[in-house]
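**Student:** Dumping the structure here so I can ask a few things about it.
The values are calculated or read from the model by the stated rules, or taken from the named source; none is laboratory data. Just so it is clear, the model here is predicted, and its values are computed rather than measured. Note that each Cβ is placed from the backbone with ideal geometry, even for glycine, and that neighbours are counted across all protein chains shown. Accessible surface is based on the protein model in full, side chains and every heavy atom, while ligands, DNA and RNA are left aside. Shrake-Rupley method; radii C 1.70, N 1.55, O 1.52, S 1.80 Å.
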Amino acid sequence: MKYLAVAVLIALPHMASAEGVQIEGNVQAKCIIRTDRTGVYGNPTANKLSASPADGGVSPVIRFDVALADYYLARITHPTSFSTSPALTDTVTWTGGTSVSSVSTAAMSGYDAAKVEYDATTEFDLTVAGTTWFKVDSTAEYGYNKAFPAGTYRAIVQAECIAK
Amino acid sequence: MRALTASVVLALLPAAVGAHEMTPTYPELFQSYMPGIMQADLSLFNAREDVEYYAISIWDAEWNPVPFASAQRVMHIPPGGRQDFEIYIRQADAEVAVYICTTSMLRAGQQDNAIVESRICSRLDGERA
């Protein structure tokens, strides 16, 4: 009988701890920027570098995840200069743009129509919670039909998530 | 022409992907242990395999830089790592500071260099109405 009492006393704390285990979590406003695909410049003609698939390139795809609706602006800036290149003696003309390539909910379908463009930047109001994928187009043309010198070319896309 | 094409494509092959996350969206400024200096605490998660360094910056509503102090203005966060950090600003600057941002830093001269620079900005002027 004495042993039974001791065994019950030993088991009691374990029984109590088994009941006390819980998992807590909270959802808060936050933005996550993911680079799903970085990108490749194709070289369809001697004077042109383009990330367009039609020109043999690959467009970068950037994914924005927002946990709560209407807390963030997505701002994406396409390149206007090379971060790495051989010495260039003539001007480079840059064109580009950003568009929505995929969305996680149909309510985001109006993002493209509502986007605001200025300079090389495109701004999207992330009014719906979920995931949006943005595709960036970028083209660089050298001089007046001048051939780009051989070498490595690299340009940077800036993706920003700004709290409203 | 063929040489140029090859070099461009090889140089820009898609690099590793990943994510950049900063919380909270609306950090609270509170009195630090130093008189006249306000403090805010934030956390950054780096899941970008191509980035290890992030720079902290603070801006006003017109995107002018606001002076601040922090233990490290450029943080080394290995991929998969989380870093909690504090920023300190003067009480007078707390009136004008609006955005606190972390920006991925891209290393020059490396073949696996990232070509997407990510920046996340939280607001220091309180949650929107």
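**Student:** Quick check on segment B:77-122: of everything there that is part of a loop (DSSP other than H, G, I, E, B) and at pLDDT 90 or above, which residue is nearest to A:Leu73 (Cα to Cα)? Spell out the reasoning first.
**Tutor:** Within segment B:77-122, the subset part of a loop (DSSP other than H, G, I, E, B) is B:77-80, B:95-96, B:106-115.
Still in the list and also at pLDDT 90 or above: B:77-80, B:95-96.
Values: B:Ile77: 25, B:Pro78: 27, B:Pro79: 25, B:Gly80: 25, B:Glu95: 23, B:Val96: 21 Å.
Across segment B:77-122, the extreme among qualifying residues is B:Val96.
**Student:** Going through segment A:26-54 one residue at a time, which ones are of a type in the set (A, V, I, L, M) and crowded, with 18+ Cβ neighbours inside 10 Å? Give the derivation first.
**Tutor:** Filtering segment A:26-54 down to residues of a type in the set (A, V, I, L, M) leaves A:27, A:29, A:32-33, A:40, A:46, A:49, A:51, A:54.
Of everything in segment A:26-54, those that are of a type in the set (A, V, I, L, M) and crowded, with 18+ Cβ neighbours inside 10 Å turn out to be A:Ala29, A:Ile32, A:Ile33, A:Val40, A:Leu49, A:Ala51.
**Student:** Taking strands (runs of 3 or more DSSP E) that do not extend beyond segment A:80-164, which have at least 2 residues that are at pLDDT 95 or above and aromatic (Phe, Trp, Tyr)?
**Tutor:** Working: elements: A:82-84, A:92-103, A:116-118, A:121-126, A:130-142, A:157-163.
Qualifying strands (runs of 3 or more DSSP E): A:130-142.
Yes/no per residue for (1) more than 9 Å from chain B (Cβ to nearest Cβ); (2) within 19 Å of A:Ala46 (Cα to Cα); (3) in contact (Cβ under 8 Å) with a residue 12 or more places away in the chain; (4) touching a Lys or Arg at 6+ places or on another chain (Cβ under 8 Å):
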| residue | (1), (2), (3), (4) |
| --- | --- |
| A:Arg75 | no, no, yes, no |
| A:His78 | yes, no, yes, no |
| A:Leu88 | yes, yes, yes, no |
| A:Tyr111 | yes, no, yes, no |
| A:Trp133 | yes, no, yes, yes |
| A:Glu141 | yes, yes, yes, yes |
| A:Gly151 | no, yes, yes, no |
| A:Gln158 | no, no, yes, yes |
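**Student:** Filter segment B:36-86 for residues that are open to solvent by less than 60 Å² (accessible area, probe 1.4 Å) and on the phi > 0 side of the Ramachandran plot and give the result.
**Tutor:** Scanning segment B:36-86 gives B:Gly36, B:Gly80.
**Student:** If I ask for residues that are of a type in the set (D, E, K, R) and in a strand (DSSP E or B), which ones from segment B:40-76 would you list? It would help to see each step written out before you state the result.
**Tutor:** Residues of segment B:40-76 that are of a type in the set (D, E, K, R), as a first pass: B:41, B:48-50, B:52, B:60, B:62, B:73.
Once the filter is applied, which keeps residues that are of a type in the set (D, E, K, R) and in a strand (DSSP E or B), segment B:40-76 yields B:Asp41, B:Asp60.
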